[in-house]
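J.: Below is a structure I'd like to ask you about.
The values are calculated or read from the model by the stated rules, or taken from the named source; none is laboratory data. In this text the structure is predicted, and so the values were computed from the model without any measurement. Here Cβ is always computed from backbone atoms with ideal geometry, including for glycine, and neighbour counts include all displayed protein chains. SASA here: full protein model, heavy atoms, side chains in, ligands and nucleic acids out. Shrake-Rupley method; radii C 1.70, N 1.55, O 1.52, S 1.80 Å.
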Amino acid sequence: MKTSLKLKRMERGLKQADLADLVNVRRETIGRLEQGQYCPLRLAMDLAKALDTTVEDLFSFDDEE
């Protein structure tokens with residue numbers, strides 16, 4: 001997976017830990033996303049496929065309910 005996350009983070013002068021705090025994840029998660037080692041979108045799609053449903057049926061934001 002290609003990502004521009006690191007570039008966008010650096011443009012804003014943020015460290016990985018800063019961004020992690022902003023989005024409520026561990027710094028290691030940001031590092032893995034930046035290195036293309038973790039793709040939550042792919043995981044969500046794989047889960048939906050395995051369960052014969054859609055991503056939208058599996059996940060929703062609290063503010064949409």
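J.: Mind listing which trypsin sites (Lys or Arg not before Pro) in the chain are in a DSSP loop and have 11 or fewer other Cβ atoms within 10 Å?
T.: Values: sites: Lys2, Lys6, Lys8, Arg9, Arg12, Lys15, Arg26, Arg27, Arg32, Arg42, Lys49; in loops: Lys2, Arg12, Lys15, Arg26.
Here the trypsin sites (Lys or Arg not before Pro) that fit, given the DSSP loop and packing criteria, are Lys2, Arg12.
J.: Now for a separate question. For Rg and Dmax of the Cα atoms in Å, the listed values are (1) 12.7, 41; (2) 14.2, 42; (3) 11.2, 36; which was obtained by calculation from the structure presented?
T.: Of the listed options (1) 12.7, 41; (2) 14.2, 42; (3) 11.2, 36, (2) comes from this structure.
J.: A further question follows. Per residue, how much accessible area does the chain have with a 1.4 Å probe, in Å²?
T.: Numbers: 5670 Å² over 65 residues.
Ligands and nucleic acids excluded, the figure is 87 Å² per residue.
J.: On the protein heavy atoms, probe 1.4 angstrom, tell me the percent of accessible surface of the chain carried by carbon and sulfur.
T.: Whole-percent figure for carbon plus sulfur exposure: 52.
J.: Which value, in debye to the nearest 20, gives the size of the charge dipole of the chain about its Cα centre, when Lys and Arg are +1 and Asp and Glu are -1 at the Cβ?
T.: 720
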